[in-house]
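Written out below as structure tokens is the structure these notes cover.
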Amino acid sequence: MKKYILIIGILAIVAGVGFGLMKYFKPTKDFAKSEADFSVTAQQLFTEFSKDEKNSSAKYVHNDKTVEISGVIQSISANSDSTKTIILSVGNPDGDVCCTLTQEASVEGKLSAGKSIKLKGQCTGLQELIAKEVILIRCAIVQ
Amino acid sequence: MKKIIIASLLLLTISSVSFGQAKFLSRAGHIWFYSKTPVETIEAHNYQVASFLDVTKGTIAFEVLNKSFKFERALMEEHFNENYMESEKFPKATFKGQITNLKDINFSKDGVYNAIIEGDLTIHGVTKHITQKGTIEVTKGKIVAKSKFGIKPEDYKIEIPALVKDKIANPLDVTVDITYSPMK
């Protein structure tokens, strides 16, 4: 009997440590490879956030949902960490959707202002200091 | 007479070139924090910082989404957003302030200037009035603002459980690095 208790005890400890280590080393979600939870246009996403930031955050931002977004490129810029940021127009001069690609994302010469694009990434919320801007990070180009 | 008119016209054009631009923006500023203890090193970067700088009034403002901070480990990111910053309740951190030694900075002449910035920093829904030092670098019409300072979690009512207290440095090092372009 004592033996069984000991074995169960050891098993519980091993499972506990294993679980802890698994959690600690859990990789960051790969938004490029995960399936999209939502697929929206830049204009739709922007309109939802500018109407109701709180509920839109609950829908898109919390729990790290993967958001697929399509739109027309307004501009492209390079960042200090060698990533690229693609600004999508939303049909409103006071706002846009700002998508920053992952470092791994390959950008061949196919990108230019005025072209349509589909991206997938993590939505982190609405920034309002300069213009109303919905932010996406860790983006990959879908097409 | 003609010479004076030409000279004054020239002066006018020069001054309008140098002082024509008062407002500068950045939408891809970099703010990161660093915590090093014997137990663990934690580093998180946010490259999506929005900032606004008015060089004639000396006003400066930042807006940072907590969720845009990227950590090395998913678990750190989870703890940061869920336990410490409570990002669902307080999605952003903001700063609104003033360069108090504006007279020492010549925005129309290339150089590196020391700046003193004073204002309200809001993190985790708590606003603190702070004064920090930084530098302003002017090169060919571009402005780079940099600052490094410490933040104590308890000042912003961020509770760190006793169990992980020795894993997180106090104060944490926060570095701000923003490149501004003229507002179009």
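When we measure straight from the Cα of B:LYS92, which aspartates and glutamates land under 13 angstrom away, once same-chain ones fewer than 8 places off are left out?
Hits, sequence-local ones excluded: A:GLU53, A:GLU128, B:GLU63.
After finding the eigenvalues of the alpha carbon gyration tensor for the stretch B:22-182, what semi-axes result from the square roots of 5 times each, listed largest first in whole Å?
With the √(5λ) rule applied to the stretch B:22-182, the semi-axes are 30, 15, 15 Å.
Which aspartates and glutamates does B:LYS146 reach when only Cα atoms under 15 Å apart count, and residues fewer than 8 places away in its own chain are ignored?
Within reach: B:GLU118, B:GLU137, B:ASP173, B:ASP177.
Net charge near A:HIS62: determine it from the other residues with C-beta under 10 Å of the C-beta of A:HIS62, scoring Lys and Arg +1 and Asp and Glu -1.
0
Going down the list B:LYS70/B:LYS167; A:LYS51/B:LYS96; A:LYS118/B:LYS142; A:LYS23/B:LYS70; A:LYS59/A:LYS110; B:LYS23/B:LYS89, which pairs span over 27 Å between their C-alpha atoms?
A:LYS118/B:LYS142; A:LYS59/A:LYS110; B:LYS23/B:LYS89
Output the residues of the stretch A:120-143 meeting this criterion: accessible area (heavy atoms, 1.4 Å probe) in the chain alone minus accessible area with all protein chains in place is 50 Å² or greater.
A:THR124, A:GLN127, A:LEU129, A:ILE130, A:ILE137, A:ARG138
From the C-alpha coordinates alone, can you work out the Kirkwood hydrodynamic radius of the stretch A:20-143, in Å?
Computed over Cα pairs of the stretch A:20-143, the Kirkwood hydrodynamic radius comes out at 14.7 Å.
In the stretch B:63-114, if the dipole is taken from +1 on Lys/Arg beta carbons and -1 on Asp/Glu beta carbons about the Cα centre, which of B:TYR84, B:GLY97, B:GLY111 is farthest to the positive end?
Value: B:GLY111.
With charges set only on the Cβ (+1 for Lys and Arg, -1 for Asp and Glu), what does the dipole of the stretch B:22-182 come to about its Cα centre, in debye to the nearest 20?
Values: 22 positive and 21 negative charges, 122 e Å.
It works out to roughly 580 debye.
Helix-derived [θ] at 222 nm for chain B: sum -39500 (n - 2.57) over DSSP H runs of at least 4, divide by residue count, nearest 500? Present the calculation step by step, with values, prior to reporting the outcome.
Working: 2 runs with 24 residues, N = 184.
Counting only the DSSP helices, I get -4000 deg cm²/dmol.
Select from A:THR124, B:VAL55, B:LEU163 the residue farthest towards the positive end of the dipole of the protein assembly as shown; place +1 on Cβ of Lys and Arg, -1 on Cβ of Asp and Glu, and compute about the Cα centre.
B:VAL55
When we measure straight from the Cα of B:LYS140, which aspartates and glutamates land under 16 angstrom away, once same-chain ones fewer than 8 places off are left out?
Those aspartates and glutamates meeting the cut-off are B:ASP110.
Over the heavy atoms of B:LYS89, what accessible area does a 1.4 Å probe trace out, to the nearest 10 Å²?
Here the accessible area works out near 140 Å².
Distances longer than 32 Å among the Cα atoms of the protein assembly as shown: what percent of all pairs is that?
Roughly 38 percent, rounded to a whole number.
The values are calculated or read from the model by the stated rules, or taken from the named source; none is laboratory data. Computed from a prediction, not measured in an experiment: that's the story for all the values here. Cβ coordinates were reconstructed from backbone atoms using ideal geometry, including for glycine residues, and neighbour counts include every protein chain displayed. The area values use the complete protein model at the heavy-atom level, side chains included, leaving out ligands, DNA and RNA. Shrake-Rupley method; radii C 1.70, N 1.55, O 1.52, S 1.80 Å.
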